[in-house]
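The values are calculated or read from the model by the stated rules, or taken from the named source; none is laboratory data. Remember, predicted model here, so these are calculated numbers, not experimental data. Because the Cβ atoms are built from the backbone with ideal geometry, glycine has one as well, and the counts that use them run over all protein chains shown. What goes into the accessible areas is simple: the full protein's heavy atoms, side chains included, and nothing from ligands, DNA or RNA. Shrake-Rupley method; radii C 1.70, N 1.55, O 1.52, S 1.80 Å.
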Amino acid sequence: MTSTPTADAQTVTRALTNATIAASHAPSIHNTQPWRWRTYGDHLDLFIEESRTLAVTDPDRRLAILSCGAALHHALISLAADGRQATVTRHTDNARPRHLATIRVDARIPVEPAAIRHLQSVALRHTDRRAVSGTPVDADTLRSIAAAVESQQTLLHVLRPRQVLDLASASDHAHRIESDDEAWQAELLHWTGGARTLGTGIPDAVIPREASPTTVPGRDFGHPGDMAIADTHDRTAVFAILHGPGDGDPDWLRAGEALSAAWLKATELGVSVVPLSAAIEVTVTRETIRHLLSDLGHPYLVLRFGVLDHDTAGPSHTPRLPADQTVDHR
Ligand SMILES: Cc1cc2nc3c(=O)[nH]c(=O)nc-3n(C[C@H](O)[C@H](O)[C@H](O)COP(=O)(O)O)c2cc1C
């Protein structure tokens, strides 16, 4: 005789399924969605999906693991909004490097209004590569975003104007190195451009039609996209570096959780975030970025913060894979 799951077991299963759905909205390098979830009755296992990592752009998998960290944080946001306490184990087992984390669902907890707000931001958050407007990001807003980063044991260093010029030159250098590399170009072409009906990658609809007159260059996608952008300079943009003391898988996972926390907070405060990873991808420019931190830590990701023109529509959302390609039910 098969036993009928209790009502609570069913709600736990539903909360875990909701968590994987929320996680699917997470940002990822080139929208690769390099995560795979395994769901059990009372817990979720998070794995890195090697077939969706970037062998040329990201050979150490640092940006893929960072993306998985963002998915992990999105899942936890969903569980909190479902009134579920969750315990996370972040794995450091060298024998099973694909297995990144386990989320175990414990007791019921009251649902805080903040948890609902964060979950709403999960659906709203997206990458908007338009030039920033003339409205500056105020200091209190930046402090709140930095606090969200710190809540995930990661740090945010806001660059001073002089350092922004050093970042601009490092980003430019990284783009030149990458665009001279045929294998890198081929990988970029595989993941970006076109209409992207298959659920991954960055469609032309969200890639700018031309480069805007910025100090720090945005990602060179190797071809113009379809998105019209204003011809304004990003003078009010703020550039910052996510960083921390370690430079291994657990640190990159944490950095992804911090990216998610910061981006959701920024979304709630009306601030746009654009990750800029080219200077992190190339070893020599990553060293330059490390020096910008006065060698006090390892850089994980560069972020552009800015206020966008709310009167014009932003880009559409990027596609996502169907659940059967990111979730296995056990
Ligand atoms: C680790 C990481 C690195 C990224 N690097 C860049 C980048 O260099 N330039 C850029 O325009 N977007 C970058 N992105 C944003 C992704 O392209 C974006 O998250 C993805 O296409 C999904 O789209 P969405 O954020 O609108 O949901 C990065 C995102 C992550 C998580």
In degrees between 0 and 90, to the nearest 10, how far off the longest principal axis of the chain does helix 161-179 point, with axes built from Cα atoms? 80 degrees
Using only alpha carbon positions, build the gyration tensor of region 199-278, then give the equivalent ellipsoid semi-axes as the square roots of 5 times its eigenvalues, largest first, whole angstrom. 26, 16, 14
Pull out a ≥ b ≥ c, the square roots of the eigenvalues of the alpha-carbon gyration tensor of region 174-330, then state rounded if a/c is under 1.5, prolate if not and a/b is larger than b/c, and oblate in the remaining case. rounded
Taking region 136-228, which GluC sites (Glu not before Pro) meet the DSSP loop condition and have no more than 16 other C-beta atoms within 10 Å? Glu210
How big is region 132-252 on each of its three principal axes, counting only the C-alpha atoms and giving the largest first in Å? 39, 38, 29
For the chain, the convex hull over Cα atoms projects on average to an area in nm² of 17.5 nm²
Return the whole-Å distance between the Cα centroid of region 92-140 and the Cα centroid of region 203-250. 20 Å
Send over a whole-number figure in Å² for the accessible area per residue of region 8-125, probe 1.4 Å. 40 Å²
Helix axis angle, 283-292 relative to the chain longest principal axis, alpha carbon, degrees: 80 degrees
Given region 138-184 reduced to its alpha-carbon atoms as identical point scatterers, what log10 I(q)/I(0) does the Debye formula return at q = 0.26, 0.28, 0.31 Å⁻¹? -0.88, -0.93, -1.01
Hey, what angle do you get for helix 113-124 against the long axis of the chain, alpha-carbon based, 0 to 90 degrees rounded to 10? 60 degrees
Based on Cα coordinates alone, diagonalise the gyration tensor for region 4-162, multiply each eigenvalue by 5, take square roots, and list the semi-axes in whole Å, largest first. 29, 22, 14
Nearest 0.05, what FRET efficiency do Ala147 and Ala183 give at R0 = 35 Å with Cβ-Cβ as r? 0.30
Could you sort 70-79, 224-233, 276-285, 152-161 so that the peptide with the highest average Cβ count within 10 Å comes first and the rest follow in order? 70-79, 276-285, 152-161, 224-233
Under the classification rounded if a/c is under 1.5, otherwise prolate if a/b is larger than b/c and oblate if not, where does region 258-330 fall, given a ≥ b ≥ c as square roots of the Cα gyration tensor eigenvalues? oblate
